[in-house]
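Heads up, the thing below is written out as structure tokens.
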């Protein structure tokens, strides 16, 4: 009997050991995981360095009635942002993140004012340009439910945004010509929950996000006194369906819904409060070259209210070591 | 042991031969720079692409660059490409191509102070919207029967057919009269335009590819197109009646110009599934006229040259992903778009069950 039990225990132990062995990957293999197969947070001791670039030219707008049309008059708004990201796996379940944004914004408009009585016409150029460091962000992610190849994961991410970017108009040459601020001018906290399940070669995930801004004081327009303000609360929910085309190319599909309350100025919402909402689709294609990852995508606003209606282009480059 | 090795070798050989009889093997082994100028016999290719162009500059008649953002008329062009190619024979390919484009051009805002008040009496916005399908292109590519793979030549005759009406839709002008306590009347002149030429035209073209070394190719193509006959379209005039605009269409005739374009492309096959390319493109349109103003006025000659940098990734043997950016170098009477192009090409052999292994060997080698 004793021999039978010992044999049984040995067989079970051997099986467990075998199972454990099967799930093991070399460190270099984990670092070369695709967005489909990568762990929910970085493994202990791993670094991720990333650079992202996004660009939008606001040509169209969704009105407050949800109708998408070209923006009125000839206001031209171009916004680009580049991010440097540093992520570190503190443990297999905790990841620390730091994002450093660099913003380039350009707003231009041209008006001809005609005074027939004086036989005069004056052209006024409205040129705002801004570039510089934006608001930096620190984040910590924790795997509430530790995922694996077969088990789903649940990650909570808490981020803090600090107003390091310029919040006021600078280099003022006139009412319509100054350097546009590159920062929001307020501290904010963001909480995100992400549930993800891998069914190789597919993965799907759901996420929810809430951002609370603490407000601050800033100059809204040249030659004006600073006023207190607070950005409205931001909510987002969405889902991802991702799949591998081959061992090193993944296609990601993110469908989401966002809602933002109106901003407040001196404790009051504006006369016409601007709440924003949108349903967006963000497909992207993701290439994995060993430890390098290159992703490109276009965020398309399918429906919205008081939000730019043009696609937003984004490119990301990441390296894990 | 010897028998086992012998049997195993036979098994492997059988597997290898079996794989070679699959049509996809042709595409799997073929790198971008090795692809012939025409598709393989029986190969069907679907092409679709999206291009976004930021139009913030324009070249004037003296080839000077004008910043449209400063003038308040910068715009964005969205263009969608659809194409279908089929290899009728190994040296004969049929092609169909049609594209859809959309762009809104907002002009300088005009404020008119009639009564010398602080607020303008009229706030006028001019807006031109361009959208629609371009003319359908249908053509063939005929490859010359040369025995070498180092160099290939092909001819590509074809024609453009305006499948959709080229008549622009009526304008969508609007007027808002001032409410109590306000003085400004707001007028928006919204004109619609089509993107197609609306003309039947013939195109002749020639292309060549040279592969001087294993990983490098130089490709060049030259096209010339001209209209078969003059065309007719309409222009709209409007009149304000109370608070409503009334529109009347006036027909006019026009003749599109002759177009010459060429492209030179230098491609490097970095690895079997990744190809980078640098291209120079030139396009010139001259002659032609239009009676849109009531008088027959010749079209201005326009030119544009672009530098293009991009890559192609062979995701699978059937699916190829292309991306490139266009940077305008110089031009004349032409918009100068900065563009990002993202295209997908899907390839299959739907009507060919099997190819002889000899044919595949010939293709691969």
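Values in this text are rule-based calculations from the coordinates and carry no lab data. The structure presented is a predicted model; accordingly, all values stated were derived computationally and were not measured. Glycine also receives a Cβ, built like all others from the backbone with ideal geometry; neighbour counts cover every protein chain displayed.
Some observations on this one:
- In chain B the Cα-Cα distances spread across 10 Å bins starting at 0 as 5, 17, 27, 20, 14, 8, 5, 2, 1, 0, 0 percent of all pairs.
- For A:71-81, mean number of other protein chain Cβ atoms within 10 Å: 5
- GNM result for chain A, Cα springs below 10 Å: residue of A:90, A:118, A:244 fluctuating most strongly: A:118
- Hydrodynamic radius by Kirkwood, which averages 1/r over all alpha carbon pairs of chain A, in angstrom: 22.7 Å
- For chain A, averaging the sequence separation of C-alpha pairs within contact (under 8 Å, six or more residues apart) and dividing by the residue count gives a relative contact order of 17 percent.
- Rg(Cα) / (2.2 N^0.38 Å) computed for the stretch A:190-274, rounded to two decimals: 1.64
- Straightening the chain between residue A:199 and residue A:291 buys 30.9 nm, computed as 0.36 nm per residue apart minus the Cα-Cα spacing.
- Per-residue ellipticity at 222 nm, computed for chain A from helices alone with -39500 (n - 2.57) per DSSP H run of at least four residues, works out to -2500 deg cm²/dmol.
- With the highest mean first, a sort of the peptides B:267-276, A:60-69 on other beta-carbon atoms found within 10 angstrom per residue produces B:267-276, A:60-69.
- Taking one quarter of the surface of the convex hull spanned by the alpha-carbon atoms of the stretch A:97-225 gives a direction-averaged projected area of 12.4 nm².
- Relative contact order (%) - the stretch A:48-130, alpha-carbon pairs under 8 angstrom, separation at least six: 25 percent
- For the stretch A:217-247 versus the stretch A:46-91, the gap between their alpha-carbon centres in whole angstrom: 10 Å
- Inter-chain shielding of B:113-120 (mean C-beta neighbours from other protein chains, 10 Å cut-off): 3
- Value at 222 nm in deg cm²/dmol, rounded to 500, when DSSP H runs of n ≥ 4 in chain B each add -39,500 (n - 2.57): -3000 deg cm²/dmol
- Kirkwood-type hydrodynamic radius, the stretch B:65-109: 13.8 Å, calculated from all non-identical alpha-carbon pairs.
- If you plug the beta carbon distance of residue A:67 and residue A:102 into 1/(1 + (r/R0)^6) with R0 = 30 Å, you get a FRET efficiency near 0.30.
- Largest GNM mean-square fluctuation across B:323, B:169, B:134, computed for chain B with C-alpha springs under 10 Å, falls on B:169.
- Mean per-residue shielding of peptide B:97-108 is 3, counting Cβ atoms of other chains within 10 Å of each Cβ.
- Helix B:2-20 axis, angle to chain B major axis (alpha carbon atoms, nearest 10°): 30 degrees
- Spatially, the stretch B:247-264 and the stretch A:151-187 are offset by 48 Å when compared through their Cα centroids.
- With distances taken between every two different alpha-carbon atoms, the stretch B:40-134 has a Kirkwood hydrodynamic radius of 17.3 Å.
- Neighbour counting of Cβ atoms within 10 Å sorts the residues B:193, A:87, fewest neighbours leading, into B:193, A:87.
- Whether the stretch A:206-321 is rounded, prolate or oblate, judged on the alpha carbon gyration tensor where a/c under 1.5 counts as rounded: prolate
- For the protein assembly as shown, convex hull volume per residue from C-alpha positions, Å³: 225 Å³
- Sites residue A:220 and residue A:60 - FRET efficiency at Förster radius 35 Å, r taken between beta-carbons, to 0.05: 0.90
- Only Cα pairs under 8 Å and 6+ residues apart enter the sum, and on that basis the relative contact order of chain B stands at 18 percent.
- Per-residue Cβ neighbour rank within 10 angstrom, fewest leading, A:164, A:306: A:164, A:306
- Overall form of the stretch B:45-93 per C-alpha gyration tensor (a/c, 1.5; a/b vs b/c): oblate
- With the convex hull of the Cα atoms taken as the outline of the stretch A:54-137, the averaged projected area works out to 9.2 nm².
- Nearest 10 degrees, 0 to 90: helix A:2-23 Cα axis against chain A principal axis: 30 degrees
- Mean-square fluctuations from a GNM of chain A, with a 10 angstrom spring cutoff on Cα atoms, peak among A:38, A:73, A:252 at A:73.
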